[in-house]
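Structure first, commentary second.
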Amino acid sequence: MEENRRPFGQLPGGAPVDEITLRDGALACKIITYGGAVRSLTVPDRDGNPVDVVLGFDTLEDYLAQDKYIGALVGRYANRIGGARFTLNGTEYTLAANDGENSLHGGNVGFDKRVWSVERLTDRAVVLSLVSPDGEEGYPGTLTAVVAYTLAFGGLDIEYRARCDKDTVCSITNHSYFNLSGHDSGPVTGQHIRIFSNHYTPAGPGLIPTGEIAPVKGTPMDLWDEQEIGARIDDPFEQLKMAGGFDNNWAVLNWDGTLRPVARVWSPDTGIMMEAATSLPGMQFYTGNFLAGCPAGKGGAAYGDRWGLCLEAQFFPDSPNKPGFPSCVLRAGEEYRHKTVYRFSTLDSARRL
């Protein structure tokens, strides 16, 4: 076994799970093959001290016990599909209803609950693959997904590729919870955020988008100017009340399929700034509103509500049922290829984002 690969545990059926360690200068990242989950991501703070900025667990058993998708790759379709069904080429497909009457993050056994194969491993990169059979969780076609994690240019690059032998829908993302003050430091509400977007997709019951792509202006969804995450998180605004905080999809500004900047987050405590960019059309900003009740995190950290934030690059939620949204259809033989990057630096407290 490679020096940067070690056993992490076994599933109840005996399947082995490994942990991969990537390093590039002051950056280090640990990824487990169960769910392809990012278990830790260590970056330097303003004084050069290492800070682990993602939530995670010390044992495989805790990953199996939690239901928050912590650190995991999610698919075949990230986020929600309303009514757990969609129609493609005149055929209706029924999915697992694992979130009320809706389907969430690929169903009962999505990509987050599968063991990914290691295709290639170097000191600073790993390529993982997974085959999702035709009909798995109700989705058409046998889909082969390949995800590459790479530490480069002061950050973590995630490249997603997929092909299918039938027309299908596809939206794969990573569900890491970031806390730039440290994974065990408490709520992220005192950290600062900017989202470079003028529009978002309002949601109705079950957090299913209404189909509208609405302007953020004049609402708490307007995060263009830097503000504390907690500044308006409890405003009496219907979208915030339904989700217990932020949990919406923002439309990437001037999306054209190329890598576009979408958000910046900064911690006054550590000075760590994270910049997110993606080639996908949407970004879900979620403030970990329901983290309480999951197993203790690394080192016994008692993760609670709002202890981490997610920036999940994606096709819009419920796109298979919303013809006005960017198309998430992957045609047979075509390649799904997208990239998301999280870049890290430090910012003096006297400067602005």
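How about the stretch 290-317: which of its residues are under 15 Å from S181 (Cα atoms) and in a strand (DSSP E or B)?
Of everything in the stretch 290-317, those that are under 15 Å from S181 (Cα atoms) and in a strand (DSSP E or B) turn out to be L309, C310.
What are the pairs with Cβ atoms under 8 angstrom where one residue, in the stretch 79-101, is over 18 Å from L330 (Cβ atoms) and of a type in the set (V, I, T) and the other, located anywhere, is part of a strand (DSSP E or B) and at pLDDT 95 or above? Sequence gap at least six, or different chains.
Close Cβ pairs (under 8 Å, with a partner that is part of a strand (DSSP E or B) and at pLDDT 95 or above) amount to T94/R85.
Considering the stretch 60-70 alone, what residues qualify as being farther than 17 Å from S185 by Cα and assigned to a loop (DSSP other than H, G, I, E, B)?
Answer for the stretch 60-70, where residues must be farther than 17 Å from S185 by Cα and assigned to a loop (DSSP other than H, G, I, E, B): Q66, D67, K68, Y69.
Quick one: which of V115, V127 is touching a residue at least 12 places away in the same chain (Cβ under 8 Å) and over 22 Å from L259 (Cβ atoms)?
V115
Scan the stretch 218-264 for residues that are crowded, with 18+ Cβ neighbours inside 10 Å, part of a strand (DSSP E or B) and touching an Asp or Glu at 6+ places or on another chain (Cβ under 8 Å) and report the count.
Of the residues in that region, 2 qualify.
If only one of G304, G324, G300 is surrounded by fewer than 17 Cβ atoms within 10 Å (Cβ to Cβ) and without any contact (Cβ under 8 Å) to a residue 60 or more places away in the chain, which one is it? Break it down stepwise before answering.
Numbers: G304 fails: without any contact (Cβ under 8 Å) to a residue 60 or more places away in the chain; G324 fails: without any contact (Cβ under 8 Å) to a residue 60 or more places away in the chain.
None of the others qualify; the one that does is G300.
In the stretch 1-59, which residues are closer than 19 Å to L73 by Cα and not in a strand (DSSP E or B)?
L11, A15, T33, G35, G36, A37, V53, L55, G56, F57, D58, T59
For the stretch 73-190, give me every one of the strands (runs of 3 or more DSSP E) that falls completely inside it and has 1 or more residues that are among the aliphatic types (A, V, I, L, M).
The strands (runs of 3 or more DSSP E) meeting that bar are 85-88, 117-121, 125-132, 143-152, 155-164.
Would you check which residues across the stretch 253-265 are touching a residue at least 12 places away in the same chain (Cβ under 8 Å) and either under 27 Å from A203 (Cβ atoms) or among the charged types (D, E, K, R) (or both) and list them?
Within the stretch 253-265, L253, W255, G257, L259, R260, P261, V262, A263, R264, V265 meet the criteria.
Might you check whether a residue that is touching a Ser or Thr at 6+ places or on another chain (Cβ under 8 Å), among the aromatic types (F, W, Y), crowded, with 16+ Cβ neighbours inside 10 Å and more than 23 Å from V147 (Cβ to Cβ) occurs anywhere in the stretch 85-105?
Among the residues of the stretch 85-105, at least one is touching a Ser or Thr at 6+ places or on another chain (Cβ under 8 Å), among the aromatic types (F, W, Y), crowded, with 16+ Cβ neighbours inside 10 Å and more than 23 Å from V147 (Cβ to Cβ), which makes the answer yes.
I want to confirm something. Restricting to the stretch 1-28 and keeping residues that are out of contact with any Lys or Arg (no Cβ under 8 Å at 6 or more places or on another chain) and under 15 Å from L151 (Cβ atoms), which single residue is surrounded by the fewest Cβ atoms within 10 Å (Cβ to Cβ)?
G25
Taking the stated definitions as given, is D184 of a type in the set (D, E, K, R), closer than 17 Å to P326 by Cβ and in contact (Cβ under 8 Å) with a residue 60 or more places away in the chain?
no
Quick check on the stretch 307-321: of everything there that is touching a strand residue (DSSP E or B) at 6+ places or on another chain (Cβ under 6 Å) and of a type in the set (A, V, I, L, M, F, W, C), which residue is surrounded by the fewest Cβ atoms within 10 Å (Cβ to Cβ)?
By that ranking, first place goes to C310.
From L41, L22, L27, grab the single residue that is touching a residue at least 12 places away in the same chain (Cβ under 8 Å) and within 16 Å of the chain's Cα centre (by Cα).
L41
Quick one: E212 ticks every box in (1) touching a residue at least 12 places away in the same chain (Cβ under 8 Å); (2) assigned to a loop (DSSP other than H, G, I, E, B) except a single one, so which number is it?
Every condition holds for E212 apart from (1).
What pairs come up if the first residue lies in the stretch 275-287 and is crowded, with 21+ Cβ neighbours inside 10 Å, the second is modelled with pLDDT under 95 and among the hydroxyl-bearing types (S, T, Y), and their beta carbons are under 8 Å apart, counting only those six or more places apart or on different chains?
none
The values are calculated or read from the model by the stated rules, or taken from the named source; none is laboratory data. Computed from a prediction, not measured in an experiment: that's the story for all the values here. Please note: Cβ atoms are built from the backbone with ideal geometry, for glycine as well, and neighbour counts cover all protein chains shown.
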